[in-house]
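Trainee: Before anything else, here's the structure in question.
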Amino acid sequence: MAKIKKTIKTVRIDIDKCNGCRACEMICSAFHANPKYSSVNPERARIRMVRDPLKDIYLPVYAGEYTAAECMGRDIYILDGREYEECAFCRASCPSRSLFKEPDSGLPLKCDMCEDEPPLEEPLCVKWCINDALIYEVREEEVEEEEKLDEMEIALNSLVDKHGLKKLVDTVARMSQKG
Amino acid sequence: MRYAETGYNLEVDLSTGNIERVETDPRWTELYLGGLGTNAKIMWDRVPPETEPFSPDNLLIFSSGLLGATPAPGANRTIITTISPQTRYMAYSMMGGFFAPELKHAGYDKVIIRGKSPKLVYLWINNDKVEIRDASHLAGKGAVETQELIKQELKDPRVHVAAIGLAGENRVFFASIEQGRSSASRLGLGAVMGDKNLKAVAVRGTKDLNIARPVEVIQFCDEVLQYIQWRQANPIPGVMPILAVLGSPQEMAVTDEKWHTENFVWGNARVRRKGFWTEEIEQKWKETQESVRTRLISCYNCPLKCGAIISVPGISRYMMKCFSKLTYTMAAFSDLDFGFRIAQRATEYGVDGFSCPQVMAFAVELKEAGILSDKDFEGCPSDNEGRFFWLLDRIVRREGIGDVLADGTYWAARKIGNGAEEFAHNTIRKHEQAPLKLGMLNPIYYLMYSTNEKSNITQIEGQFPQAPYPTREEREEFVKDWIQVPNERIKEYFLKWEPRGEFSMPFYPGIKECCEIVDWMERMHYIDDSLGICAGLSSFPLKPPYHIHNYPVLISAATGIDIDEEELVKISKRNRQLVRANNVRRGLRREDDTPPADHWKKRFPEYEKQLLDAYFEYKGWNMDGVPTKKTLRELDLAYVAEDFEQRGIYKDGED
């Protein structure tokens, strides 16, 4: 397969600069409202602060992939005298917690770096963090060209995720026999 | 659909346990905006002047502002309103933090609390589910500790809690309500909360708040953020560092305290210590501050860092902002390390950082003068710092002399008698003021001190520079980008204002000029307090991002209610009169509009009378300080005029 250049968008998070104001959550929820900016609700944000001022814990976490099952991770990290649950660092929209789910439907949320047309200069959480705890960085990396899945494959993949390949194949086979 | 506001209040009766979600009248938003404005209207309608502060009929209102929780930076204030046990007038202290936005996301603009619970409880507002919960296990717990315990109990770190400490539970007249890094401290709101047996209000909300014209609001906010960045990078020249940038005075960031320690007064607001700030002290205090300051922190959706997490070795962490850093230190003639240590205990007890240190220093003076006896101080340690800790413990428990002192200097002095009144010298409307004693009368401050019912000078100061600039060139430079002024005249007054000579204090700015300046500065506070936007980004600092010309754009776009500048001015006047009216009905008159006699050394009684006469007229009040019928009618407040008439507040034949 051919090597291609891929743009990697990242946010550098400098926790020491975070003042805990949650503007990132607010503007994220506004950007993703429909119509855009028509409502605010940090609960819908794809970035959330793990915030415990008296323990000096200020940790912005971005929403990542949905996961169907919770993992075993319940470890405790002690960093610079501060105690974090392992889950604090996790981006997953996971059954073990309410984080990164639409409050009414429960559907998973995922950060899309504020994809927009025309594209924004930077994600809005970064723009609104004028204390520079969040810094947007773009770099290019060479990666193997990915095989693009078509729509049907994507749909089937999610069924495979949920039920397993064997069950899916059996079901399709049974359905096709019924004609 | 309602925009920017939720359109619902939560009505809680603690006597019966009844809880209701009540839709509000959208017309009220047009007339009074929200926050302080609608609080004042509710107090007017529902708390008649006969109501005692510690009566079940007194209301305690926790309100967001009209713009609270919208994308507007700094729109996070909670405006708490009740009748103050100390002044016996309508009190409205405010706090920043995270409470008001959370309340709005829970679906309410205000929580209106009435009645009195038979036992200690806390209120748990979780979207539509609202519970009155037992708080007997929280009795006597610290205000900070209580917030943590409730969050643990509710198993949700995203809950925000406003709580009282022991001082509130024991109805100390200067008890505060604490919440995260913020507190509503002035005028004893915490005592009313304690009287209602309400230990805390916890809130969690996950609902949307709608914006009427979203793109306009976001563009506006973008400009505000850009301006804040520019303004912080370009401090105003010619003023002290804490006033050169935006925000509440930057006491947590700045360690140079030469100005405060040498110009504010020590002890019981008396002793000025010129030459105090030596290099040695500077070094020591800087070390103290930097060693305990863990992080500078903000309120909801605000980039400014006016607060700090304070970690003093050996005692539990707490959060601090602004001037309480120095009030205890200076009241006790001690050092900054003591200040941070006692402030921790005071924050857990939940007391006001201006009144409490002054009350303690007052007690120490009375002891030294022989008015309080050894018996009153029985068991008190002999060292200076120990004595202050001891007094604090007695006051919040209302034990012995502490029970008398817990009512504040004014009431305590009257109880103690024997000449103690002379020592309660720093109050306005019976409420302790900032410890500041100056030389020459400042007519602008004279009017603000006299007439402002927020009763705390640090929160009514405004955007007109505190002192003239020495040269014409500097003044011209200053006015070049001074777009926040309501009109060009204000710039002229500043350009003409000299440190010495014909155009200097006390006679310049002149009477008319002072009226205009003070009226403008006060107006901006009234607008902020109704919108729930922090004064630190608007009415308080020089050249702020929000001002009278751009506020109408933001309010209209966020709410969908088209309000122009003229209308906004009218609303602010209406709210001003309504706050005044609440207090006039409770007996407030001209005599109450008096700064401490020793605030300035050089006083001009005749000139001060002319100033106050002119300002009353400018505000549309009669010479007693009562809003005239004409003023009230013009502002759609005919119902207030009628009430005044029925109560015989007007003299015969008055219009």
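Trainee: Where Rh denotes the Kirkwood radius from the mean inverse Cα pair distance, what is Rg over Rh for chain B?
Mentor: A ratio of 0.94.
Trainee: Students often check this: by mean Cβ neighbours within 10 Å, which of B:592-605, B:238-251, B:534-547 ranks highest, and how do the rest follow?
Mentor: B:534-547, B:238-251, B:592-605
Trainee: Here is a further query. Let me know the mean shielding of B:208-220 by other chains, meaning the per-residue number of their Cβ atoms within 10 Å of its Cβ.
Mentor: Counting Cβ atoms of other protein chains within 10 Å of each residue's Cβ and averaging gives 4.
Trainee: With a cut-off of 17 Å, note down the residues of the range B:361-387 whose backbone N falls inside the zone around a label point 7 Å from the Cα of B:ASN418 toward its beta carbon.
Mentor: B:362-380
Trainee: Averaged over A:10-22, how many beta carbons belonging to a partner chain fall within 10 Å of each residue's beta carbon?
Mentor: 4
Trainee: Per DSSP helix of 4 or more residues, -39500 (n - 2.57); summed, then divided by the residues of chain B. What does that give at 222 nm, rounded to the nearest 500?
Mentor: Working: 25 runs with 266 residues, N = 655.
The per-residue figure over chain B is -12000 deg cm²/dmol.
Trainee: Also, I was wondering about something else. So, by mean Cβ neighbours within 10 angstrom, what's the order for B:633-641, B:510-518, B:29-37 with the highest one leading?
Mentor: B:29-37, B:510-518, B:633-641
Trainee: Compute the Cα gyration tensor for the range B:438-646, then decide on rounded, prolate or oblate, letting a ≥ b ≥ c be the square roots of its eigenvalues: rounded whenever a/c is under 1.5, prolate when a/b is larger than b/c in the other cases, and oblate in all that remain.
Mentor: On the way: a/c = 2.01, a/b = 1.13, b/c = 1.78.
Since a/c reaches 1.5 but b/c is at least a/b, the shape of the range B:438-646 is classed as oblate.
Trainee: What's the whole-number percent of alpha carbon pairs in the protein assembly as shown lying beyond 45 angstrom?
Mentor: Every Cα pair in the protein assembly as shown considered, those over 45 Å come to 26 percent.
Trainee: Could you tell me which of the pairs B:LYS415/B:LYS437; A:LYS36/B:LYS41; B:LYS104/B:LYS199; B:LYS496/B:LYS619; B:LYS110/B:LYS512 are separated by over 29 angstrom between their Cα atoms in the structure shown?
Mentor: Cα-Cα > 29 Å for A:LYS36/B:LYS41; B:LYS110/B:LYS512; rest within.
Trainee: Which whole DSSP H helices in chain B pass both tests: a Cα extent of 27 Å or more along the axis and a mean Kyte-Doolittle value no lower than -1.0?
Mentor: B:214-233, B:511-531
Trainee: Below 20 Å, Cα to Cα, which lysines can A:LYS167 reach? Residues fewer than 8 away in the same chain don't count.
Mentor: Once the sequence-local lysines are set aside, what remains near A:LYS167 is A:LYS178.
Trainee: Taking the alpha-carbon distance from B:LYS375 and a cut-off under 18 Å, which aspartates and glutamates remain once sequence neighbours fewer than 8 residues away in the same chain are dropped?
Mentor: Within the straight-line limit of under 18 Å, B:LYS375 reaches these aspartates and glutamates: B:GLU365, B:ASP383, B:ASP393, B:GLU399, B:ASP403.
Trainee: Continuing with this model, one more query. Over all distinct alpha-carbon pairs, what is the Kirkwood Rh of the range B:1-82 in angstrom?
Mentor: 13.8 Å
Trainee: Spin-label point model (7 Å from Cα, Cβ direction): what's the A:LYS178 to A:LYS6 distance in nm?
Mentor: So the two model labels end up 3.9 nm from each other.
Trainee: Could you please state, rounded to a whole Å, how far the C-alpha centre of the range A:25-66 is from the C-alpha centre of the range B:513-528?
Mentor: 37 Å
Trainee: Next question. Hey, what's the Kirkwood Rh for chain A if you take every pair of different alpha carbons, in angstrom?
Mentor: It works out to 19.0 Å.
Trainee: Here's another thing I want to ask about it. Please grab the % of Cα pairs in the range A:102-179 that end up more than 17 Å from each other. Spell out each step's value before the answer.
Mentor: Values: 2194 of 3003 pairs.
Considering the range A:102-179, 73 percent of its Cα-Cα pairs are separated by more than 17 Å.
Trainee: In addition: By residue number, which cysteines of chain A lack any other Cys whose Cβ falls under 4.7 Å from their Cβ?
Mentor: A:CYS18, A:CYS21, A:CYS28, A:CYS71, A:CYS87, A:CYS90, A:CYS94, A:CYS111, A:CYS114, A:CYS129
Computed from the coordinates by the stated procedures, all read-outs in this text should not be read as laboratory data. This structure is a prediction, so every number in the text was calculated from the model and none was measured. Because the Cβ atoms are built from the backbone with ideal geometry, glycine has one as well, and the counts that use them run over all protein chains shown.
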